[in-house]
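Working notes for the structure below.
The values are calculated or read from the model by the stated rules, or taken from the named source; none is laboratory data. Computed from a predicted structure; not experimentally measured. Here the Cβ positions follow ideal geometry from the backbone for every residue, glycine too, while neighbour counts run over all protein chains shown.
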Amino acid sequence: MRVMAQMGMVMNLDKCIGCHTCSVTCKQAWTNRAGVEYVWFNNVETRPGQGYPRTYQDQEKWKGGWVRTKRGRLKLRAGGRWQRLTQIFSNPKLPELDEYYEPWTYEYDNLISAPLGEDTPVARPKSLITGRPMKIEWSANWDDDLAGGPELAPQDPVLKKIKDEVGDRVKLEFEQAFMFYLPRICEHCLNPACVASCPSGAMYKRSEDGIVLVDQDSCRGWRMCVTGCPYKKVYFNHRTGKAEKCTLCYPRIEVGMPTVCSETCVGRLRYLGLFLYDADRVTEAAAVENEQDLYEAQLDLILDPHDPEVQAAALRDGIAPDWLEAAKNSPVYRLAKEYRVALPLHPEYRTMPMVWYIPPLSPIVDALRDTGNDAEDADNMFGAIQSLRIPVEYLAELFTAGDPGPVLQSLHTLAAMRSFMRDENLGGQPDESIPAAVGMTADEMFALYRLLAIAKYEDRYVIPEAHAEVGRQLEELGCSLDFEGGPGQYSSGTFGEASGRPTPVAVETFHALKQRQTTEGIVDVADADAKVNLLNWDGLGVPLGVPTVPPRSPESS
Amino acid sequence: MTESTTVQILLWAVLPYVTIAVFAVGMIWRYRYDKFGWTTRSSQLYERNLIRIASPLFHIGILAVVIGHVIGLVIPEQWTGWAPEAAYHAMAVVLGVIAGVCTLTGIVLLIYRRRTVGPVFSATTKNDKFMYVFLVAAICLGLVTTFYGSGIFGPAYNYRDTVAVWFRSIFYLNPQIQDMAESPASYQVHAIAGMLLFIIWPFTRLVHAFSAPLGYVFRPYVVYRDRGPHDPGSRPERRGWERVGR
Ligand code: HEM
Ligand code: SF4
Ligand code: SF4
């Protein structure tokens with residue numbers, strides 16, 4: 001046994017209202033730069049739907065993740081090492097920009113500079129890639145809220161899969177509009193296929209907290225990781241020619257703060273905490289034969305931090321006592337392993353994803369309420385869950401490689417909690433038989449309720465700080481302003497926009513903020529450093545293509 | 001032995017060493033200063049149909065050409081004496097022409113794609129255009145020498161008696177200027193184009209060729225990195241900030 005720590009996340013899908021706040025704040029923090037306009041480290045997709053990039057779950061097409069060979073070994077689905085090297089000159093399975101979407105802005109300038117005329121001037125959309133006018137035909141969440149449903153949703157690879165199994169009934173029940181939101185970030189997998197695909201070894205998993213990162217100085221732009229990740233959560237920055245991905249906001253995590261997406265989540269549905277796992281058994285667990293056993297295998301890797309044997313092994317393997325303490329209080333451990341309500345996304349990709357999801361009960365409750373039944377009654381709910389086969393199968397296809405068992409178990413627990421707490425709140429006698437029906441005690445049910453419904457900040461985020469004695473080696477800690485050139489000296493290197501040392505994120509954000517806070521009028525669009533786009537526009541900086549209004553002179557005002 | 005003129009000395013004794021110096025120092029400097037800019041800057045995200053044919057065609061062609069150069073220039077003629085001269089020559093010409101034509105077709109397609117596909121065109125830097133001039137020049141002139149020496153359009157020319165001797169002599173620090181000076185003009189021009197290409201090499205995207213990721217085949221799939229206390233990190237210790245203890 002070799003104990004390692006992993007920062008993990010749980011999202012409670014019941015509470016997601018699909019507001020995209022997480023996506024927007026993430027974008028402001030990380031991808032508001034040229035070259036990553038099309039990139040959303042955090043995206044929220046409506047299910048059923050095609051997802052972002054389109055149909056990324058169709059691994060027959062995109063070849064992401066791992067497969068088990070006949071000899072029981074793991075191999076990248078896209079091909080073995082030699083095969084991948086022969087495909088290096090042109091990667092056959094790289095999504096094109098259109099599969100994400102072509103980013104654009106609008107010609108706002110036209111609104112005020114158009115000559116006086118009959119017609120109202122319009123701001124035409126203009127591509128951020130070519131700079132030419134374009135027709136907007138797709139975006140990161142074009143099929144939000146089932147928009148274009150009958151046409152677009154049937155392309156959903158998950159729906160297609162279950163359709164093969166249950167035929168036309170999908171269509172029928174689909175018309176009862178079963179829908180939920182799925183927020184996605186990088187899974188920071190235990191067995192990351194992106195890392196395994198990287199020919200230069202530039203991608204790595206941090207052994208302290210399991211965060212998967214791209215070393216920007218070693219990445220050579222072979223763009224194999226994009227194919228490797230089955231969740232398509234590594235993106236290619238087309239300006240710098242380097243891969244970029246969700247960083248789990250490591251500069252924040254290192255100082256004990258939750259990620260930006262979690263912190264700003266309107267539904268307060270995200271949980272962050274540690275898992276302890278047995279690193280020696282990861283490959284073995286990822287290679288179990290039957291896909292439907294992967295969920296159990298993954299759970300099995302996760303060690304119980306209350307077990308004295310595990311504690312001793314953890315301390316032996318260099319896990320600090322305060323981290324061990326954090327692991328004991330970890331909300332993600334409790335939700336995933338103790339209560340088994342949180343499930344991994346697509347375990348069948350065999351990457352051992354570490355962002356877990358509590359499946360949504362509300363579509364089922366809603367359906368039940370529509371039938372005029374008491375939707376908070378435990379028996380009614382259990383019955384409804386059983387009878388709404390399609391939604392359950394859909395969820396099973398997402399979370400347990402099609403095995404409805406764990407999904408039912410999770411939904412039953414949630415339903416039990418709902419009805420148990422209703423009785424409690426109405427002052428009735430708490431019915432001990434309800435938790436018992438899902439194998440829990442009344443106290444456990446209260447604890448689960450506290451965690452899921454009350455969801456206090458300090459219960460949701462149990463993030464131990466990185467250790468000061470190793471802090472010097474942390475990527476961003478310390479005084480990030482003291483690097484060559486110093487603050488304010490930052491522009492691009494000799495070889496154009498993308499060359500020279502990359503500006504540390506903290507510095508870039510610092511300068512961008514300062515520029516926006518101190519600018520008097522409007523920034524000069526011709527200024528190459530003006531990295532402002534619509535998403536972080538507050539009226540002071542200029543998004544690309546926006547009019548440059550000269551500041552009014554005192555006489556004219 | 002005839003006296004070498006100044007121009008000959010400059011071209012065949014000075015320029016080679018300037019090339020080596022600029023290339024070596026340039027590569028080291030680029031690596032230290034601009035690791036972040038060291039990338040293929042792939043444009044496949046913008047367009048994938050043309051590049052699917054063009055890039056492999058070009059790269060496989062150019063790698064074959066590189067191997068051809070190594071065999072032709074580095075290996076002395078005596079070492080291949082066991083092979084009948086005519087057979088060796090025929091082989092070299094046939095393979096050389098195939099590789100050269102692949103490379104040329106590939107690069108023409110690549111340039112066509114750069115020019116006609118909107119996003120790829122807007123992502124083409126001045127540096128890229130500058131590099132393409134030198135690269136295309138070297139490739140075209142190389143093909144000319146291949147045809148010239150082949151014997152198809154006149155008498156065959158065995159560059160291994162002259163150009164190759166000069167090439168190796170550079171590395172023995174005893175440049176045989178006359179060997180090169182007496183070779184046909186097409187070889188001379190190609191050699192100059194080649195040297196210029198290597199001079200600009202460290203300052204263009206071509207650096208990616210020197211990071212061909214062969215280590216991939218040998219390393220474990222999943223890479224872990226830690227910030228353990230014995231890992232000094234990439235940043236040197238700063239004065240006044242040295243660590244205490246340990
Ligand atoms: C030795 C191993 C090499 C590897 C693995 C390699 C790989 C690559 C890759 C992945 C690309 C990006 C293609 C894309 O846009 O997706 C590329 C582009 C390019 N390579 Fe190489 N390369 C190698 C050697 C060379 C050599 C020796 C040359 C020339 C002397 C060269 C010249 C170029 C050029 C000119 C491009 C730009 C193509 C364009 O117009 O987009 N490469 N290379
Ligand atoms: S989800 Fe993240 S860690 Fe997992 S393969 Fe994709 S990019 Fe890598
Ligand atoms: S901010 Fe929260 S509620 Fe809103 S879309 Fe993101 S995850 Fe859902």
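Restricted to the stretch A:239-260, and to residues that are of a type in the set (A, V, I, L, M, F, W, C) and assigned to a loop (DSSP other than H, G, I, E, B), which residue is farthest from the chain's Cα centre (by Cα)?
Of all residues in the stretch A:239-260, those of a type in the set (A, V, I, L, M, F, W, C) come to A:243, A:246, A:248-249, A:253, A:255, A:257, A:260.
Still in the running and assigned to a loop (DSSP other than H, G, I, E, B): A:246, A:248-249, A:255, A:257.
Working: A:C246: 8, A:L248: 9, A:C249: 12, A:V255: 21, A:M257: 17 Å.
Going through the qualifying residues, I end up with A:V255.
Of everything in the stretch B:22-64, what is under 20 Å from B:A138 (Cβ atoms) and either more than 9 Å from every other protein chain (Cβ to nearest Cβ) or surrounded by fewer than 16 Cβ atoms within 10 Å (Cβ to Cβ) (or both)? Give them in sequence order.
B:V22, B:F23, B:A24, B:G26, B:M27, B:G61, B:I62, B:L63, B:A64
In this structure, does B:R32 turn out to be within 16 Å of ligand 1 (Cβ to nearest atom) and either without any contact (Cβ under 8 Å) to a residue 60 or more places away in the chain or within 30 Å of B:R114 (Cβ to Cβ) (or both)?
Taking the combined requirement at face value, the residue does not satisfy it.
Given the conditions (1) under 30 Å from A:Q57 (Cα atoms); (2) of a type in the set (A, V, I, L, M); (3) surrounded by fewer than 19 Cβ atoms within 10 Å (Cβ to Cβ), report the number of the one that A:V407 does not fulfil.
A:V407 satisfies every listed condition except (3).
Out of all the residues in the stretch B:54-64, is one or more at pLDDT below 90 and part of a helix (DSSP H, G or I)?
Looking only at the stretch B:54-64, we keep the residues that are at pLDDT below 90, and these are none.
No.
So how many residues does the stretch A:305-340 have that are outside any helix (DSSP H, G or I) and either of a type in the set (K, R) or closer than 15 Å to A:G8 by Cα (or both)? Full working, then the answer.
Filtering the stretch A:305-340 for residues outside any helix (DSSP H, G or I) gives A:305-307, A:317-320, A:329-330, A:339-340.
After this cut, where a residue has to be either of a type in the set (K, R) or closer than 15 Å to A:G8 by Cα (or both) as well, the list is A:305, A:329-330, A:340.
The total comes to 4.
Counting just the residues of the stretch A:207-260 that are touching a Gly at 6+ places or on another chain (Cβ under 6 Å) and of a type in the set (G, A, S), which one comes out nearest to ligand 2 (Cβ to nearest atom)?
Going through the qualifying residues, I end up with A:G221.
Does the stretch A:70-112 hold any residues that are in contact with a strand residue (DSSP E or B) (Cβ under 9 Å, 6 or more places away or on another chain), more than 10 Å from chain B (Cβ to nearest Cβ) and under 28 Å from A:V44 (Cβ atoms), and which are they?
Answer for the stretch A:70-112, where residues must be in contact with a strand residue (DSSP E or B) (Cβ under 9 Å, 6 or more places away or on another chain), more than 10 Å from chain B (Cβ to nearest Cβ) and under 28 Å from A:V44 (Cβ atoms): A:R77, A:P103, A:W104, A:T105, A:Y106.
Looking at the stretch A:95-128, which of its residues are touching a Leu at 6+ places or on another chain (Cβ under 7 Å) and in contact (Cβ under 8 Å) with a residue 24 or more places away in the chain? Explain how you work it out, then say what you get.
Our first condition is that a residue be touching a Leu at 6+ places or on another chain (Cβ under 7 Å); within the stretch A:95-128, this holds for A:96-97, A:103-105, A:121, A:123, A:128.
Matches in the stretch A:95-128: A:L97, A:P103, A:W104, A:T105, A:L128.
One residue is enough: does the stretch A:131-140 have a residue meeting the conditions away from every other protein chain (no Cβ under 14 Å), free of Cβ contacts under 8 Å to residues at least 12 places away in the same chain, among the hydroxyl-bearing types (S, T, Y) and surrounded by fewer than 17 Cβ atoms within 10 Å (Cβ to Cβ)?
Within the stretch A:131-140 (the criterion being away from every other protein chain (no Cβ under 14 Å), free of Cβ contacts under 8 Å to residues at least 12 places away in the same chain, among the hydroxyl-bearing types (S, T, Y) and surrounded by fewer than 17 Cβ atoms within 10 Å (Cβ to Cβ)), the answer is no, since none of the residues qualifies.
Filter the stretch A:182-205 for residues that are in a strand (DSSP E or B) and crowded, with 22+ Cβ neighbours inside 10 Å; which is farthest from the other protein chains (Cβ to nearest Cβ)? Please lay out each step first, then the result.
Residues of the stretch A:182-205 in a strand (DSSP E or B): A:182-184, A:203-205.
Okay, now just the ones that are also crowded, with 22+ Cβ neighbours inside 10 Å, so A:183-184, A:203, A:205.
Values: A:P183: 24, A:R184: 20, A:M203: 7, A:K205: 5 Å.
Restricting to residues being in a strand (DSSP E or B) and crowded, with 22+ Cβ neighbours inside 10 Å, the top hit is A:P183.
When only residues in the stretch A:362-381 that are touching a residue at least 60 places away in the same chain (Cβ under 8 Å) and buried (at least 17 other Cβ atoms within 10 Å of the Cβ) count, which is nearest to the chain's Cα centre (by Cα)?
My answer is A:P363.
Taking the residues in the stretch A:4-24 that are away from chain B (no Cβ under 14 Å) and in contact with an Asp or Glu (Cβ under 8 Å, 6 or more places away or on another chain) as candidates, determine which candidate is nearest to ligand 1 (Cβ to nearest atom). Write out each step before concluding.
Going residue by residue through the stretch A:4-24, those that are away from chain B (no Cβ under 14 Å) are A:7-24.
Filter once more, keeping what is in contact with an Asp or Glu (Cβ under 8 Å, 6 or more places away or on another chain): A:7, A:18.
On the way: A:M7: 33, A:G18: 35 Å.
That would be A:M7.
Quick one: in the stretch A:328-352, of everything that is within 22 Å of the chain's Cα centre (by Cα) and within 24 Å of A:H467 (Cα to Cα), which residue is surrounded by the fewest Cβ atoms within 10 Å (Cβ to Cβ)?
Of the stretch A:328-352, the ones within 22 Å of the chain's Cα centre (by Cα) are A:330-337, A:340-352.
Narrowing the set further to residues that are within 24 Å of A:H467 (Cα to Cα) leaves A:330-333.
Working: A:S330: 27, A:P331: 24, A:V332: 26, A:Y333: 27.
The qualifying residue surrounded by the fewest Cβ atoms within 10 Å (Cβ to Cβ) is A:P331.
Determine which single condition B:T2 fails, assuming it passes every other condition in (1) under 23 Å from the mean Cα position of the chain (by Cα); (2) loosely packed, with under 13 Cβ neighbours inside 10 Å; (3) at pLDDT below 95.
(1)
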